[in-house]
Amino acid sequence: YLEAMLLLAAPLFLIHSVKRWTIFSLFGAVVASVYFLIMSGNFPDAFIKGQGLTPFKINSEYIIIALLCGAVAHLIYMRNHLNSVVFQLLTASIILTMIAELAFTFYVSVFGLSNIVGHVFKFFSFWVIFIAIIRTTLLEPYLFQEQRIQERTDDLGERVKELTGLY
């Protein structure tokens with residue numbers, strides 16, 4: 001749920017400033033609440049050994065898929081605020097997550113093929129997000145700056161040659 005809601009809300013951060021401590025505190029409170037519910041035994045069962053998935057788990061996966069559909073629609077709506085490569089990668093990541101969530105509705109054993117397939121798709125989803133965010137927002141600007149510095153160095157070298165008469 002948290003991942004789906006974050007992906008649904010993420011495009012808003014393209015046009016609105018983010019109050020990091022507010023967001024961090026909100027997510028911290030949600031995680032602490034869920035942890036407390038689980039540890040106190042008040043969180044609904046998702047899997048019962050010998051029976052399989054509970055209706056809570058299956059319905060939750062379908063709700064998450066619906067939230068992810070909304071995330072794709074929101075991303076499409078906000079695509080003008082994104083680099084086209086980042087847009088394509090984030091869309092692909094969300095689709096991979098949707099496939100993973102769908103696979104999680106079918107498993108009958110925690111060691112079953114459907115559960116493994118879901119986790120493999122989840123892994124690739126996170127890998128694509130890594131590529132979209134880390135590579136395009138951290139690596140590419142440095143490569144661009146390196147190229148600009150090289151061009152300036154080449155221009156400076158040519159200028160020095162012109163001024164000194166060295167050819």
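The values are calculated or read from the model by the stated rules, or taken from the named source; none is laboratory data. The model shown is predicted, which means the values in this text are computed figures rather than measured ones. Every residue, glycine among them, receives a Cβ derived from its backbone with ideal geometry; neighbour counts consider all protein chains shown. When the accessible area is computed, the model is the full protein with side chains, heavy atoms only, and any ligands, DNA or RNA have been set aside. Shrake-Rupley method; radii C 1.70, N 1.55, O 1.52, S 1.80 Å.
Quick check, is Tyr142 surrounded by fewer than 16 Cβ atoms within 10 Å (Cβ to Cβ), of a type in the set (Phe, Trp, Tyr) and either touching a residue at least 40 places away in the same chain (Cβ under 8 Å) or in contact with a Gly (Cβ under 6 Å, 6 or more places away or on another chain) (or both)?
Considered against the rule, which asks whether it is surrounded by fewer than 16 Cβ atoms within 10 Å (Cβ to Cβ), of a type in the set (Phe, Trp, Tyr) and either touching a residue at least 40 places away in the same chain (Cβ under 8 Å) or in contact with a Gly (Cβ under 6 Å, 6 or more places away or on another chain) (or both), Tyr142 comes out as no.
Before we move on, is Ile63 modelled with pLDDT of 95 or more and either more than 15 Å from the chain's Cα centre (by Cα) or open to solvent by 80 Å² or more (accessible area, probe 1.4 Å) (or both)?
The answer is yes for Ile63.
Just checking, does the range 47-57 include any residue being open to solvent by 80 Å² or more (accessible area, probe 1.4 Å), under 22 Å from Ile99 (Cβ atoms) and either more than 21 Å from the chain's Cα centre (by Cα) or modelled with pLDDT under 90 (or both)? Show your work before the answer.
Step one: filter the range 47-57 for residues open to solvent by 80 Å² or more (accessible area, probe 1.4 Å), giving 49-51, 55.
Filter once more, keeping what is under 22 Å from Ile99 (Cβ atoms): 55.
Restricting the remaining residues to those that are either more than 21 Å from the chain's Cα centre (by Cα) or modelled with pLDDT under 90 (or both) gives 55.
Checking the range 47-57: at least one residue is open to solvent by 80 Å² or more (accessible area, probe 1.4 Å), under 22 Å from Ile99 (Cβ atoms) and either more than 21 Å from the chain's Cα centre (by Cα) or modelled with pLDDT under 90 (or both).
Regarding the range 129-150, can at least one residue be identified that is of a type in the set (Gly, Ala, Ser), modelled with pLDDT under 90 and not in a helix (DSSP H, G or I)?
Looking through the range 129-150, none of the residues is of a type in the set (Gly, Ala, Ser), modelled with pLDDT under 90 and not in a helix (DSSP H, G or I).
Quick check on my filter: what residues within the range 44-76 are part of a helix (DSSP H, G or I) and touching a helix residue (DSSP H, G or I) at 6+ places or on another chain (Cβ under 7 Å)?
Glu61, Ile64, Ile65, Leu67, Leu68, Gly70, Ala71, Val72, His74, Leu75
Table: residues versus (1) at pLDDT 95 or above; (2) open to solvent by less than 40 Å² (accessible area, probe 1.4 Å); (3) β-branched (Val, Ile, Thr).
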position	(1), (2), (3)
Thr22	no, no, yes
Val30	no, no, yes
Ala73	yes, no, no
Arg79	no, no, no
Val86	no, yes, yes
Val110	no, no, yes
